[in-house]
Every structure is written in structure tokens, then in C-alpha cells.
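No lab work stands behind these numbers, since they all come straight from the coordinates. As the structure is a prediction and not an experimental result, all values here were calculated from the model. Please note: Cβ atoms are built from the backbone with ideal geometry, for glycine as well, and neighbour counts cover all protein chains shown.
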Amino acid sequence: MIICSPFIRRMSFYNKMIKAWGWWGAIATPTKPKFRAMDNIDPKKAYVVIANHESAADVLFLLGFFPINMRMVAKSDIRKIPFVGAAMARSGFIFVDNETKGKSIDHLNEQFKVLKKENLSLMIYPEGSRFKDVRLSEFRLGAFVMAINNGLPILPVCTKGIREMLPPGTKRFNYSNVEIDVLPEIDTSKYSYEQRHELMNHCYKLMHDHLDEMYEKN
């Protein structure tokens, strides 16, 4: 991607590279992930994918194993990494500044118009960051505003065990049983911009309750 990015701007060109990077990274981790309800994903559709953010390794499993081509929202600090940041930006990854929330939502919407033209889904962690001691933190509005504005369904994803495999703030992998559940998509066409908080709260409750069920099984 780094080599190609200065010359090729068509984002779909990088789909197989990104999927391969995620897949190889995921299978190198000390776990055998269990995916449930993958049939909730329609490979022909574009989604706004939302997931709980347990670890820096989350992205490997979602990019590598999901049957859709995705890009993700990342912190603006990553954009500053020489060569890597530029390659990610040119291949469709979107960088936002968590400190300027209003501008971040506007930037998100503007950048996503380019992804939408190539039928690419966008993965967002609505919590905004990783947390060591909270199962699911409060959501931010960006993902839900963008889904409403662009008329795209939301695909909620719940993960368990990735935090234990690679805890926030560490670089050492531990063996862990990783589980990834795909919830049914949420049709956003019935929500207006004024109902963005209602949509956000609905998604939060769905994911919060499902995560409780996942943890109670063990």
C-alpha cells in the first residue's frame, strides 16, 4: 500500500491488500476466534459498522474476516506516521480529531462521500477510545449522524475476549477466547437528523444488553 499509494488513488484497488493484512494479522494472534451470525452481513451492501473497542487488535478481525470491504476511522495522530499515514489516507481510511467534535463530524461526512461512491463500508468505534475497566462506554454521535445523512444501515458488532488478549496500554499478546457476534442491521431510513440521539441510544442499548449476554454465558 505504501508503494502503490502515491500512484493509485482508486480506493477499491486496495481492498484485497487491506483484507489480507487484517487476516494475516488476526491468524497470527494467540486465539481461534468464534464468529456468530455472520449471515447478518449482506456482502452487496455498504454499512456503517459499529463495534465496541476492546483493544488495538479489534480491527484485524473485522477487516480480515468480514465479507465486506471496509475502511475505518482512526485518530489523527496515526496520520502523522511517515509513509503509513499517507498510504492509509489515500486508500480510504479517515482520520478525525477527537478534541474537535463538531468539525470531526463534518469531516467524517465529507470523506465518506468518496467511500460511498465505491460501495465501501466504514467501521467506527462509537466509544471513541479504548477503556480498561468499562464493558461499553458512552457513545459519540458521529457514526449515527453519518448513517442518517447517507441513508446507510448500521451494522452493530459485539466483541469479547480481545481486551484480555491484548490489554490497552500493553504490547504483549495473551491467549484468549475471542468471540465476535454480528447483530442484525438497523435500518436508519426511519430516523431523521433530529432523532440522531434516539438512534444512538437504541444502538447502545442493543449492544450493551448483548454484551451482558455474552459475558453471562461464561
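Arranged by the count of other C-beta atoms within 10 angstrom, fewest first, what order do Ile18, Ile27, Ile41 take?
Values: Ile18 23, Ile27 14, Ile41 19.
So the residues, fewest neighbours to most, are Ile27, Ile41, Ile18.
Counting only C-alpha contacts under 8 Å and six or more residues apart, can you give the relative contact order of the chain as a whole percent?
Details: 369 pairs, mean separation 59.9, N = 218.
Across the chain, relative contact order equals 27 percent.
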Worksheet item: Once the Cα atoms of region 131-198 are picked out, what are the Rg and Dmax in Å?
Response: 15.7, 44
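Which of the chymotrypsin sites (Phe, Trp or Tyr not before Pro) found in region 1-98 are loop residues per DSSP with 11 or fewer other Cβ atoms within 10 Å of their Cβ? Write out the running numbers ahead of the final one.
Working: sites: Phe7, Phe13, Tyr14, Trp21, Trp23, Trp24, Phe35, Tyr47, Phe61, Phe65, Phe83, Phe93, Phe95; in loops: Phe7, Tyr47, Phe83, Phe93.
Taking region 1-98 and a limit of 11 other Cβ atoms within 10 Å, the loop chymotrypsin sites (Phe, Trp or Tyr not before Pro) found are Phe7.
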Worksheet item: What's the local net charge at Ile81, with K and R +1, D and E -1, over the other residues with C-beta under 14 Å away?
Response: +3
Worksheet, complete the sentence: Asserting the computed 222 nm helical MRE of the chain (DSSP H runs at least 4 long, -39500 (n - 2.57) per run, divided by residue count, to nearest 500) equals -11500 deg cm²/dmol
Worksheet, complete the sentence: Cβ-Cβ cut-off under 10 Å around Ile68, Lys and Arg +1, Asp and Glu -1: the net charge is +2
Discussion item. Going Cα to Cα from Lys160, which lysines come in below 20 Å? Please leave out same-chain ones fewer than 8 positions away.
Written reply: Lys32, Lys34, Lys132, Lys171, Lys205, Lys217
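Counting Lys +1, Arg +1, Asp -1, Glu -1, what net charge surrounds Ser12 among other residues with beta carbon under 10 Å of its beta carbon?
+2
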Worksheet entry | For region 1-152, Kirkwood radius (reciprocal of mean inverse C-alpha pair distance, Å) | 16.1
Response to the item:
With the charge dipole of the chain built from beta-carbon charges (+1 for Lys and Arg, -1 for Asp and Glu) about the Cα centre, the Cα from Leu122, Ile27, Met207 projecting farthest to the positive end belongs to Ile27
